[in-house]
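Values quoted throughout were computed directly from the atomic coordinates according to the rules given, and no laboratory measurement underlies them. Quantities reported herein were computed from a predicted structural model and do not represent experimental measurements. Neighbour counts run over all protein chains shown; Cβ positions are idealised from the backbone, glycine included.
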Amino acid sequence: MNRYSPNNLKRPSKGLINIHPIQRGGILTEEARKVLIEWADGYSVCDVCLEGRVDLLKNPPVDALKQDIAEFLGMDTARFTAGARHAKFAVMAGFHGGIVVLDSLAHYTSYTAAELNDMKIYEVPNSGYPDFRIDAEMYAETFERVKEDTGRYPDLALLTHVDYRYGNLADAEKVGRICEEYGIPFVLNTAYSSGVMEINGKKLRAAFIVASGHKSWSATAPIGILATNYEFSDIIFRTSKVRGEWSGRAFTKKEIAMFGCSPVFGLPVMTLMASFPRVVERVRHWDDEIEKARWFVKEMEKIEGVQLIGERPKNHTLMHFESPAFHSIAKKHKKRGYFLYHELKKRGVFGVQAGMTKNFKVNIYGLSREELGKVADAFKDIAEKYGVEVED
Ligand SMILES: *Cc1c(COP(=O)(O)O)cnc(C)c1O
């Protein structure tokens, strides 16, 4: 059992600059690190629970946090979920057996949430290689296609605000306006945007905002957010009506889509809370992040054959590169596709998926200019080592 000894539980990325796409927005703030030990025990937040629901707690102030986050997102109310995936599942459970339209860059958890709720899925096409854009107008076209096919319009429309493959920023406002015209509730999946960028659900005409605390709000996994308006809160957060057929027991205050209370307590809630003030502050500096992202693309494209895939210029810090030169090196290298991973690690950079050379993704969110320079230099240095041309 020595393998489980704390001395042997070290993170592979420890001490390295981690540019793994899913890691940047979930790095804990200093404030969150301060609550780690105090709130680490099991059901720590439940010491003084009077109402039987985590989201109603006054001490620690979870109820206040829920309202502050709803307001921050421009929505009426919110709940904490077991990740963005559970938030989507909870929304779709309110439209069980219906029809959902989603963008063709949606995360697998959007598809599986629909599947588990027996929803029929229609996809909004994207523009394909090389920029893979979602054209908002295509939502209207897809709604009409659903109508032709089934005789009615869909029950729900979902847009992935920033997709995980290319880091494209979709035009949520335009999609929101189209959904409003059709009277179709609009779900905006902000797993890669809220918590790092400003989001106003009212302005975007969203009926639901789905967020990921561990991806973009500097919280410990697992935690997500589901924010909605009063119009939908009674449906989505509906309370239990069940009654034990023998005992007569009832649980009328328990919200069924939240599994009665909440799927998250302890550190996920407390780190989200401790990080929140800083998250509110940091979204105002998104412009700096974009400027750094564009600079990084420019530097990377100085390497022969390296090309950004997805929209250009970048509007997000997650990016996808094509790199035929690294792929050619891999074919001859004794480590094969793993050479890039190892070469980067030697230069203090972690997070490009091991085995990937033809295409790879990185996220530069929150890196200092110095760190970013170090990452760009690492790629350039590796290219030069293997005789790939790098512009000055
Ligand atoms: C990461 C991601 C998810 C999953 O988020 P969880 O909070 O881990 O459930 C969902 N959608 C998109 C677009 C993502 O990028």
Residues whose placed amide H lies under 5 Å from that of residue 220, excluding near-sequence neighbours: 271, 272
Would you kindly derive the ³J(HN,Hα) couplings of the range 108-115 from the backbone phi angles with the Karplus curve 6.51 cos²θ - 1.76 cosθ + 1.60 (θ = phi - 60°), listing them in order in whole Hz, with x for Gly and Pro? 4, 5, 6, 5, 6, 5, 5, 4
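Helix-only mean residue ellipticity at 222 nm, the chain, DSSP H runs n ≥ 4 weighted -39,500 (n - 2.57), per residue, nearest 500. What is it?
Numbers: 13 runs with 136 residues, N = 392.
Rounded to the nearest 500, it is -10500 deg cm²/dmol.
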Global geometry of the range 229-287, whether rounded, prolate or oblate, following the gyration tensor of its Cα atoms and the 1.5 cut on a/c: oblate
Here the convex hull volume per residue of the range 1-68, taken over Cα atoms and given in Å³, is 165
The range 17-131 shape via C-alpha gyration tensor axes, a/c threshold 1.5: oblate
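Hey, what's the Kirkwood Rh for the range 238-392 if you take every pair of different alpha carbons, in angstrom? Don't skip to the answer; put the middle values down first.
Details: mean 1/r = 0.0526 Å⁻¹.
Computed over the range 238-392, the radius equals 19.0 Å.
With the contact rule set at Cα under 8 Å and sequence spacing of 6 or more, what percent relative contact order holds for the range 29-283? Can you show the working numbers first?
Working: 525 pairs, mean separation 65.4, N = 255.
Relative CO of the range 29-283 lands at 26 percent.
Treating only the Cβ of Lys, Arg, Asp and Glu as charged (+1, +1, -1, -1), what charge dipole size does the chain show about its Cα centre? Round to the nearest 20 debye.
Using Cβ point charges on Lys, Arg, Asp and Glu, the chain gives about 1580 debye.
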Positive-end residue, the range 29-283 charge dipole about Cα centroid, Cβ charges, pick of 110, 160, 80: 80
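In the calculated pair distance distribution of the range 29-283, what percentage of Cα-Cα distances lie above 23 Å? Let's see the in-between values first.
Working: 16304 of 32385 pairs.
Tail of the P(r) past 23 Å holds 50 percent of the pairs.
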If you take the square roots of the eigenvalues of the alpha-carbon gyration tensor of the range 178-244 and sort them as a ≥ b ≥ c, do you get rounded (a/c under 1.5), prolate (a/b over b/c) or oblate? oblate
GNM top mover of 133, 284, 294 - the chain, alpha-carbon springs below 10 Å: 284
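For the range 149-211, what mean projected area does the convex hull of the alpha carbons give, in nm²?
Numbers: hull surface 18.9 nm².
Projected over every direction and averaged, the Cα hull of the range 149-211 covers 4.7 nm².
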I need to check one value: relative contact order of the range 253-392, counting alpha carbon pairs closer than 8 Å and at least 6 residues apart, in percent. 22
Dipole axis of the range 11-81 (+1 Lys, Arg; -1 Asp, Glu on Cβ), positive-most option in 36, 62, 12: 12
